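So the structure is just underneath, and the comments pick up after that.
The values are calculated or read from the model by the stated rules, or taken from the named source; none is laboratory data. Only a predicted model underlies this, so the values are computations on that prediction, with no experimental measurement involved. With ideal geometry, Cβ positions are generated from the backbone for all residues, glycine too; neighbour counts draw on all protein chains shown. Just the protein is used for accessible areas: all its heavy atoms, side chains included, with ligands, DNA and RNA removed. Shrake-Rupley method; radii C 1.70, N 1.55, O 1.52, S 1.80 Å.
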Amino acid sequence: MIFYVALQLHNFFFIMVVRQVISKYKLKLKYGGFFRLARNSCRQVYCFGSTKSLYIDTCSYGLNHLLEEVKKHYPSQSDIVLSIVFVDKHAKEQCFIELDNDERFMVMLSMYNEEKEVTIYVTTEKLRYNCKLFSCQDQVIDESDDENETDSICLSQESYHSLHSSDNEYELLNYGETYAYSKINPFMKVNSKFPSAVSFRRALNHYALTNEFEYVIEKSDLTRLTACCDDKKCKWRIHASLTQDGVTFEVKKFVDTHSCTRSNKCGNKHATQGWIADVVTDKLKSEGDVSPADLKKWLMHSYNVEVPYMRVFRGREQAYTDMYGKWDDSYLNIYDFKQEIEKRNPGSIVEIDLQTVGDKKHFLRFFISLTACYKGFLAGCRPYIGLDACHLKGKFNGVLAAATSIDGNNGMFPVAYGVLESENTKSWTWFLKSLEKAIGTPNGLVISSDMQKGLEVAITQVYPDIEHRECLRHLCSNFKKHYRGDFFMSKLWEAANTYSVSKHDRLLNEIATVSKDAILYLNENHKKIWSRSKFGTLVKCDYITNNISETFNSWVGDIRYKPVLDLLDAIREKLMERFDKKRSKVKKWKGPLVPKAKNYLKTITKNLGEFQVCRSSDNKAEVNYKGSRWDVILDEKKCSCKKWQVTGLPCVHAAAFIAFTREPSWDKYVDTYFTVDKFKEAYALEIGPMPGKDQWVHIETVDKIYPPIIKRPPGRPKKNRIVPRDEPKKRHRCPRCGMYGHHQRTCKNPAHQGFDETSTSKKKEHKRS
């Protein structure tokens, strides 16, 4: 057997050497540590070592150079025997090859020729377990076909944690022959090993369900399990028992052949709650929150087994518990999480509020504003914040509140977020006071909201002097409950969209002529600003809805089912990735303006020939268009239509004047909020990465943090928002006239300003050709 493997290795060497191309390699040398068995596994792990990267040229670098480099790290112990090994990536088990001659050194380079990188381990002793793995002349026994098994190297534990640290526990549990079955093609065989009796029982259930037969247990205790086919005449039989370590279960006897006729007799008897939790874990990790109904269909399609709904529901909850821990335990490490955020992101504002009931302290609220977020907001974003909260889908409910701004390219920019017990005056006041600690009160600050419960009073208490805008969509939703009709809705939207005060008043007077009570209702119940004609000119934002907050709610919608601590950390991770993507994207931009501003200028500069410009001076002029007239002042960036002052971007009247003067540089007429430099300042700071929970520094607290006290309503908790009956669905908007209800090819309305008829006709001709 040894001769056969050596012959195969010799053939492999000559084939791969011919293919090898001289190139640069990276050798990751790990030294000063030792190998030990992974917990509940037969894999070896390299612990307490140091790492050094060597960049070599295969043309001039050989094994003797590597030996000289290794001896540098063992100067005072020249008499010890060193073993230098690497992992055989083609082996189905963990297999090491010892570097004891030049031939094996070339085999290593050829084996990792595609990766151009290999990890080499140095130890002062032979492996205490499976020493044969060090020899490349030993035959590798094929005991596992697990497709989830990986051939990558066992990572070194270079941290200062103890031998029982779980730094690499996730990788270790997926290595080797611990789980001797595949979830897609399960199998059982003699010498298959399982980490516990529970794992063996789940694997046996899985094997029976996939192969469509039923079994009965003859003997079962803490040390052994014997099962046979439900048909007493069938010869199928399996026996497993504990190994010497007292934990691992190993299959000792197995008769795989069935002498009975099988036709899915098992039904759903073996599809237990534990089995469901085991098979749906990977699906939940990849797809997030999956409904029990969808999981039930997936189990039927994948395993041909019909499972009751409630059993699927309990299995899914058990899978979540296995993945994220118990819901009650998610509050125990809340202070550890706070300290880790402040350590990795210095200057971040993290606030925790507790509720004391008797001698117990219960979680109440949590607030986070990362340094990169609030400093980026103050440096490069417009002073506009949208406030909103969405309900959580977990066991203890609560709401996820967020303060969201917009960057120069009209993208969502989260400033702060947190978890509150509910939407009320106290919780919103606490959230806004924490937000004030982070951003203060910037000049021209505007807060837009949906008028949630208690939010209006909270904003008045914390920010009494700022401009408070109300979302028009929610205003119309409330208005519609009292005054129905397309007339009211169209006039309200026109009054909100216009920048002209006189036109706004005229539209409201038209509503008053039909119903004076409607205007009285607006004045009494909607006193905040909801029309562009009354917007301030410092914020440079003309949003009449709070859709930017709805964007944030949609952005975190697929993780709202997680426990509180995992939810907050998941949002932090999404923010970290978002900031990095924005910094990468801005490097590709050319010119001083962001793409949204450049596209806007391209749009309004079309078809300006119909505008008549009458100059008063170099910077002042009158612009006439179809009987209407506006005065424009270029150096003050003003137009009588007021759009330029509110948005910070030139209106079409200013564009006509600028084009008339043949000004080559349009950048100076755009507000600095829309420049690339401002955009870079918004995303300049990095959000520091964080390790897993098991690596956080634990803070010893005297009092245990208990879950929040929330009165759960009767019935099953609702996870989806109740959509109002009259809420409009997504409608197609005609690009020609800007109205809804028809397409461009059937549009009979006059085209809006800036629409190019010739460009659309050319596109149609191009499609036909």
Which of the helices (runs of 4 or more DSSP H) found entirely inside segment 483-569 contain at least 3 residues meeting this: among the hydroxyl-bearing types (S, T, Y)? 547-555
Given the structure, is F14 of a type outside the set (D, E, K, R), farther than 30 Å from F200 by Cβ and either surrounded by 15 or more Cβ atoms within 10 Å (Cβ to Cβ) or modelled with pLDDT of 85 or more (or both)? no
Given (1) small (G, A, S); (2) touching a strand residue (DSSP E or B) at 6+ places or on another chain (Cβ under 9 Å); (3) buried (at least 18 other Cβ atoms within 10 Å of the Cβ), S531 misses just (2)
All positions within segment 692-701 that are in contact with a helix residue (DSSP H, G or I) (Cβ under 8 Å, 6 or more places away or on another chain) and open to solvent by less than 50 Å² (accessible area, probe 1.4 Å): W696
Members of segment 463-493 that are open to solvent by 80 Å² or more (accessible area, probe 1.4 Å) and under 21 Å from V646 (Cα atoms): D465, R473, W493
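Conditions (1) touching a Ser or Thr at 6+ places or on another chain (Cβ under 6 Å); (2) of a type in the set (D, E, K, R); (3) within 30 Å of K680 (Cα to Cα), marked per residue:
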residue: A416; (1), (2), (3): yes, no, yes
residue: S422; (1), (2), (3): no, no, no
residue: G444; (1), (2), (3): no, no, yes
residue: I466; (1), (2), (3): no, no, yes
residue: H474; (1), (2), (3): no, no, no
residue: S490; (1), (2), (3): no, no, no
residue: N509; (1), (2), (3): no, no, no
Can you find, within segment 90-106, the residue that is nearest to L27 (Cα to Cα) among those that are more than 42 Å from the chain's Cα centre (by Cα) and open to solvent by 50 Å² or more (accessible area, probe 1.4 Å)? M106
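Evaluate segment 401-410: report whether one residue or more is part of a loop (DSSP other than H, G, I, E, B), small (G, A, S) and touching a Lys or Arg at 6+ places or on another chain (Cβ under 8 Å). Before the answer, list the steps.
The initial filter retains those residues of segment 401-410 that are part of a loop (DSSP other than H, G, I, E, B), namely 407-410.
Remaining after also requiring small (G, A, S): 408.
Still in the running and touching a Lys or Arg at 6+ places or on another chain (Cβ under 8 Å): 408.
Yes, some residue in segment 401-410 is part of a loop (DSSP other than H, G, I, E, B), small (G, A, S) and touching a Lys or Arg at 6+ places or on another chain (Cβ under 8 Å).
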Pick from T281, T257: which is among the polar types (S, T, N, Q), at pLDDT below 90, out of contact with any Gly (no Cβ under 8 Å at 6 or more places or on another chain) and open to solvent by 70 Å² or more (accessible area, probe 1.4 Å)? T257
For F657, the lone unmet condition from (1) within 28 Å of S531 (Cβ to Cβ); (2) surrounded by fewer than 21 Cβ atoms within 10 Å (Cβ to Cβ); (3) out of contact with any helix residue (DSSP H, G or I) (no Cβ under 6 Å at 6 or more places or on another chain) is (2)
Going through (1) under 30 Å from L685 (Cβ atoms); (2) crowded, with 19+ Cβ neighbours inside 10 Å one by one, V632 fails only at (1)
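Could you tell me whether I687 is in contact (Cβ under 8 Å) with a residue 24 or more places away in the chain, in a loop (DSSP other than H, G, I, E, B) and either touching a helix residue (DSSP H, G or I) at 6+ places or on another chain (Cβ under 6 Å) or surrounded by 14 or more Cβ atoms within 10 Å (Cβ to Cβ) (or both)?
Working: in contact (Cβ under 8 Å) with a residue 24 or more places away in the chain: yes; in a loop (DSSP other than H, G, I, E, B): yes; either touching a helix residue (DSSP H, G or I) at 6+ places or on another chain (Cβ under 6 Å) or surrounded by 14 or more Cβ atoms within 10 Å (Cβ to Cβ) (or both): yes.
Yes: the conditions hold for I687.
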At pLDDT 85 or above, open to solvent by 20 Å² or more (accessible area, probe 1.4 Å) and not in a loop (DSSP other than H, G, I, E, B): does that describe L27? no
